[in-house]
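The values are calculated or read from the model by the stated rules, or taken from the named source; none is laboratory data. The model shown is predicted, which means the values in this text are computed figures rather than measured ones. Reconstructed Cβ throughout: ideal geometry from the backbone, glycine too, with neighbour counts over all protein chains shown. Remember, those area values only see protein heavy atoms, side chains included, never the ligands or the DNA or RNA. Shrake-Rupley method; radii C 1.70, N 1.55, O 1.52, S 1.80 Å.
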Amino acid sequence: MRLTLPSFEIKPEIRLPRFLAGFGLLSVFAFGHVSAEEERPSKPDASAVGALIYNKHCVACHGGEGQGTDEFYPAYLEGDASIGELATIIAETMPEEDPDLCVGDDALAVAKFVHEEFYGEAAQLRRRPPQQSLSRLTGDQLRRSLSDLYTHFFSQPYLSERGGLSGSYFAGKRWKKENLKYERVDKRLDFDFGHEGPGGEIKPEEFYIHWSGGVIPPHSGTYEIVVRSKTSFVLKFGHSGRSLIDNHVQSQGREEFRRTLVLDGGQPYLVNIDFHQRKRKTEQPPADFSLRWVPPGGVEEVIPSIYLQPHEPPPAFSLQTPLPPDDRSYGYERGTSVDRAFEDAVTSAALEFANVAIEEIYPQYRRRHRNDPNDDRQILRGFLAEFYQVAFRRKLDDAMKSHFIDKLVDATPNDADAIKLTCLLALKSPRFLYPSIDSDRDHSARVASRLTLTMFDSLPSDQWLLQMIEKNQLVQPNQIDKALWRMTNDPRTRAKIKSFLYHYLELTPDSDLSKDREAFPEFDEDLIQLLRQSMDRQIESWIASEAMDFRELWQMDRVWTTKRLSEFYGQSWQTDEALVKADDEDEGEQLWNLSVSDSIQHAGLLTHPLLMAKMAYSRTTSPIHRGVYLTRHAMGRVLRPPNEAFTPINPDLHPGLTTRQRVELQTGEVNCQVCHSKINALGFALENFDAVGRFRDVENEKTVDASGNYIARNGQTYEFEGGRQLADYISGSPDAVDAFVEALFEYFVKQPVDAFGESTRAQLTESFVDSNYSVKGLIHRIAKIAASIPQSPPEQQASSRRQDDAAKAS
């Protein structure tokens with residue numbers, strides 16, 4: 001753990017060169033040469049002088065409020081540079097034909113006026129205050145809500161040990177207790193029994209194996225489930241009555257079976273496999289079985305043990321209906337638009353859910369209520385009432401029961417038809433699709449709905465939470481804190497945090513990581529798959545930590561590795577031999593060891609090869625891609641889109657240059673340096689990591705120059721050497737912390753943070769720092785704001801922390 005920041009050189013006075021004219025002020029003084037002195041009123045302040053100059057010479061291009069004009073400069077004058085930076089730009093570049101005309105106090109006056117009136121963040125919020133939008137469920141929220149609505153009628157989700165599937169091995173052709181020879185946990189299902197069978201007392205010509213447990217996808221997306229076997233088997237997935245692949249009647253000559261499913265990341269899915277080797281009069285095929293998948297963006301592989309659990313989870317449902325993409329123009333998904341495509345998708349989703357409600361949910365409900373009286377179809381009415389209550393996130397009053405249940409049941413003699421109509425009415429209703437419409441809910445129901453939408457992207461479905469609603473026990477701060485701690489440890493919240501981190505890192509499960517095979521022949525799809533698993537484990541281990549310290553994201557010096565990764569990435573990825581088991585060969589690449597590594601070569605998630613390879617070209621690094629990510633996302637700074645398409649210089653044209661030298665050559669032109677002076681200075685600090693993320697000291701027989709710098713919002717310049725110093729700086733940078741708080745809030749709440757009050761972000765950031773950068777605590781505070789729960793004043797924070805500790809302990 002590295003939580004002490006090193007010393008950095010600080011340069012408080014920065015004089016920007018003439019080419020930094022990219023803040024929309026290129027034509028501030030383009031018209032006329034009237035001296036500012038001639039226009040200056042008696043004893044004015046700086047803003048008054050700036051206003052006079054701006055209104056005289058700038059309105060024609062930039063508009064009265066900085067909104068721009070189509071003819072000259074269509075972009076808004078807004079950004080995050082300081083007044084001093086703007087003044088330097090004006091003094092050194094304006095007007096273009098005579099840069100020395102406006103300097104000193106006049107340049108500062110114009111910069112002050114522009115910054116205060118429309119350029120700076122405070123001015124932008126004042127002129128265009130963000131508002132909370134009426135939002136429907138996003139596609140992911142719809143999928144998650146239906147999953148939890150389904151699970152509500154079974155047992156609740158739970159944490160389970162991972163590491164394989166449970167196997168029961170029988171002599172004979174069926175399940176008989178007296179024929180059970182042994183039980184074990186099989187870490188992976190990849191067996192070739194041949195004609196010898198599984199051994200022991202089991203005869204090879206006839207035996208039966210039952211595997212059970214769960215599969216936990218690491219990410220949401222489309223998976224292809226693959227079974228390779230020449231033997232009779234049935235694979236059930238998600239529910240014990242749901243056959244995904246049925247080869248009970250063995251298909252002659254067929255040994256590969258594939259099914260495609262959309263699965264939710266972090267959701268355990270029940271798996272039951274019945275495997276039969278039967279006696280035959282003719283020649284018997286060899287017994288084999290391999291359970292595999294193709295994850296999103298990945299290649300086919302045996303499902304690793306880290307994504308298997310030996311205990312059966314509750315039945316689960318994952319919506320397969322394709323949903324239209326949501327608006328992501330604000331940097332996070334928003335459910336603000338409704339069109340025909342969305343309406344049709346919701347109808348299809350409701351019909352898909354109706355099928356599982358008829359075939360799986362209602363039979364389960366009837367079994368649970370089999371001893372209840374059923375006069376006038378009371379069991380069906382009770383089921384529909386519970387269904388509506390969970391879907392609508394509120395208690396049903398008598399009028400709603402009469403309208404939605406009694407009239408429908410009385411008019412529909414067939415139970416299945418009544419359930420199908422109920423699914424259509426409920427799941428297409430604004431009461432389900434628009435959870436923010438909650439004025440008619442009681443206090444606890446309203447709080448629960450907002451908390452679960454924030455934490456789970458779902459609805460209140462767990463029995464413990466519904467009981468708290470029923471008893472109105474989400475009123476007092478300690479009650480809400482207790483619920484939040486329980487939600488934080490829930491797999492659904494952990495899955496959302498993991499999804500956020502991939503979003504924060506701009507990684508997706510299907511990110512293109514392909515490289516030039518001639519330059520990197522060993523960097524193949526199997527190695528990329530291992531890197532994805534390594535990143536997953538690194539993120540999951542951080543999520544499992546006590547506080548989820550923000551600084552550790554950037555400073556952790558531990559990696560998850562395998563033998564092949566250590567062979568490719570070198571000594572700093574070497575596995576701990578003391579942890580390697582004797583059956584290493586059987587474990588294959590699935591043997592993971594947490595390795596204490598070189599703290600210079602490893603700096604948290606920042607220098608992980610998956611991220612470094614993603615932000616690189618096929619043969620060379622890309623300081624520009626890395627710098628853009630760091631500037632926009634890690635530091636939260638504004639970058640204008642490039643004026644024209646950018647094509648990097650072909651390395652073959654300058655074979656003797658390093659990547660840094662080529663980038664400096666290509667981006668040295670005046671207009672390029674407007675943004676690239678920021679971008680390159682950050683991206684160059686990661687030049688020790690090549691296009692596949694391997695550490696290097698030399699490129700083209702030249703020592704790698706990994707020096708970089710960053711000009712913060714406060715105008716100070718920080719210099720660093722290499723990825724470790726850069727990561728250490730980011731971990732405590734006020735700009736990076738503020739950007740992280742904003743990104744986390746908007747990803748979890750799906751609304752702009754400033755729409756919840758001008759001081760909300762500043763207060764969240766301050767409390768985040770005071771909590772020693774606890775992301776868990778930050779999520780709790782975000783959830784309370786989203787649920788309109790008043791925050792504790794500073795003098796009560798110590799007491800609140802004690803309540804948090806008590807709630808966590810309980």
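A few comments on the model shown:
- Pairing residues of region 281-304 that are closer than 14 Å to Gly253 by Cα with residues that are in a loop (DSSP other than H, G, I, E, B) and small (Gly, Ala, Ser), at Cβ distances under 6 Å and at least 6 apart in sequence or on separate chains, gives Asp288/Ser229.
- Some residue of region 350-366 being under 24 Å from Ser243 (Cα atoms), modelled with pLDDT of 95 or more, assigned to a helix (DSSP H, G or I) and hydroxyl-bearing (Ser, Thr, Tyr): yes
Conditions (1) free of Cβ contacts under 8 Å to residues at least 24 places away in the same chain; (2) of a type in the set (A, V, I, L, M); (3) surrounded by 19 or more Cβ atoms within 10 Å (Cβ to Cβ); (4) under 25 Å from Gly627 (Cα atoms), marked per residue:
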{"residue": "Gln716", "(1), (2), (3), (4)": "no, no, no, yes"}
{"residue": "Glu719", "(1), (2), (3), (4)": "no, no, no, yes"}
{"residue": "Gly723", "(1), (2), (3), (4)": "no, no, yes, yes"}
{"residue": "Ile730", "(1), (2), (3), (4)": "no, yes, yes, yes"}
{"residue": "Leu744", "(1), (2), (3), (4)": "no, yes, yes, yes"}
{"residue": "Tyr747", "(1), (2), (3), (4)": "no, no, yes, yes"}
{"residue": "Val753", "(1), (2), (3), (4)": "yes, yes, yes, no"}
{"residue": "Gly757", "(1), (2), (3), (4)": "yes, no, no, no"}
{"residue": "Gln763", "(1), (2), (3), (4)": "no, no, no, no"}
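- For region 667-715, filtering for residues that are farther than 15 Å from Arg637 by Cα, modelled with pLDDT of 90 or more and not hydroxyl-bearing (Ser, Thr, Tyr) leaves 23.
- Evaluating Lys420 against the criteria (1) at pLDDT 95 or above; (2) within 35 Å of the chain's Cα centre (by Cα); (3) farther than 17 Å from Arg366 by Cα leaves one unmet condition, (3).
- Any hit, region 174-189, residues being open to solvent by less than 10 Å² (accessible area, probe 1.4 Å) and in contact with a helix residue (DSSP H, G or I) (Cβ under 7 Å, 6 or more places away or on another chain): no
- Candidates are the residues of region 225-245 that are under 30 Å from His195 (Cβ atoms) and open to solvent by 10 Å² or more (accessible area, probe 1.4 Å); the one that is farthest from the chain's Cα centre (by Cα) is Lys230.
- Boolean, Glu522 is surrounded by fewer than 21 Cβ atoms within 10 Å (Cβ to Cβ) and either part of a loop (DSSP other than H, G, I, E, B) or touching a residue at least 60 places away in the same chain (Cβ under 8 Å) (or both): yes
- Test: residue in region 324-342 that is of a type in the set (A, V, I, L, M), open to solvent by 40 Å² or more (accessible area, probe 1.4 Å), in contact with a helix residue (DSSP H, G or I) (Cβ under 9 Å, 6 or more places away or on another chain) and within 17 Å of Leu421 (Cβ to Cβ): no
- Summed over region 756-810, the residues that are part of a loop (DSSP other than H, G, I, E, B), of a type in the set (Phe, Trp, Tyr) and at pLDDT below 95 give a count of 0.
- Within region 397-417, being open to solvent by less than 40 Å² (accessible area, probe 1.4 Å) and over 23 Å from Pro363 (Cβ atoms) holds for one residue alone: Met400.
- For region 107-160, a residue qualifies if it is assigned to a loop (DSSP other than H, G, I, E, B) and either open to solvent by 40 Å² or more (accessible area, probe 1.4 Å) or of a type in the set (Lys, Arg) (or both), and the qualifying residues are Arg128, Pro129, Pro130, Gln131, Gln132, Ser133, Leu134, Arg136, Ser155, Gln156, Tyr158, Leu159.
- Residue within region 710-722 that is in a helix (DSSP H, G or I) and either farther than 17 Å from Ile679 by Cα or in contact with a Gly (Cβ under 9 Å, 6 or more places away or on another chain) (or both) present: yes
- Only a single criterion out of (1) among the aliphatic types (A, V, I, L, M); (2) open to solvent by 30 Å² or more (accessible area, probe 1.4 Å); (3) under 30 Å from Lys614 (Cα atoms) is not satisfied by Leu308, namely (2).
- Being under 30 Å from Ala743 (Cα atoms) and either of a type in the set (Val, Ile, Thr) or modelled with pLDDT under 95 (or both) is a property that holds for Gln476.
- With respect to the conditions (1) in contact (Cβ under 8 Å) with a residue 60 or more places away in the chain; (2) part of a helix (DSSP H, G or I), Leu459 falls short on a single one, namely (2).
- Summed over region 548-567, residues that are touching a helix residue (DSSP H, G or I) at 6+ places or on another chain (Cβ under 6 Å), hydrophobic (A, V, I, L, M, F, W, C) and on the phi < 0 side of the Ramachandran plot total 4.
- With respect to the stated conditions, Glu196 fails to be outside any loop (DSSP other than H, G, I, E, B) and either small (Gly, Ala, Ser) or open to solvent by 80 Å² or more (accessible area, probe 1.4 Å) (or both).
- Test for Lys187: is it farther than 21 Å from His248 by Cβ, touching a strand residue (DSSP E or B) at 6+ places or on another chain (Cβ under 9 Å) and touching a residue at least 24 places away in the same chain (Cβ under 8 Å): yes
- Ile528 in a helix (DSSP H, G or I) and either among the small types (Gly, Ala, Ser) or farther than 22 Å from Gly265 by Cα (or both): no
- Condition check for Arg564: touching a residue at least 24 places away in the same chain (Cβ under 8 Å), open to solvent by 40 Å² or more (accessible area, probe 1.4 Å) and touching a strand residue (DSSP E or B) at 6+ places or on another chain (Cβ under 9 Å): no
- Restricted to region 471-513, and to residues there that are without any contact (Cβ under 8 Å) to a residue 24 or more places away in the chain and assigned to a helix (DSSP H, G or I), the residue that is farthest from Leu744 (Cα to Cα) is Gln479.
- Condition check for Arg254: without any contact (Cβ under 8 Å) to a residue 60 or more places away in the chain, more than 22 Å from Pro363 (Cβ to Cβ), open to solvent by 40 Å² or more (accessible area, probe 1.4 Å) and not in a strand (DSSP E or B): yes
- Given (1) part of a loop (DSSP other than H, G, I, E, B); (2) open to solvent by less than 50 Å² (accessible area, probe 1.4 Å), index of the condition Leu553 fails: (1)
- Test: residue in region 197-220 that is touching a strand residue (DSSP E or B) at 6+ places or on another chain (Cβ under 8 Å), closer than 26 Å to Thr493 by Cα and of a type in the set (Phe, Trp, Tyr): no
- None of His248, His210 is open to solvent by less than 40 Å² (accessible area, probe 1.4 Å) and out of contact with any Lys or Arg (no Cβ under 8 Å at 6 or more places or on another chain) except His210.
- Scanning region 459-513 for residues that are of a type in the set (Asp, Glu) and at negative phi turns up Asp462, Glu470, Asp481, Asp490, Asp510, Asp512.
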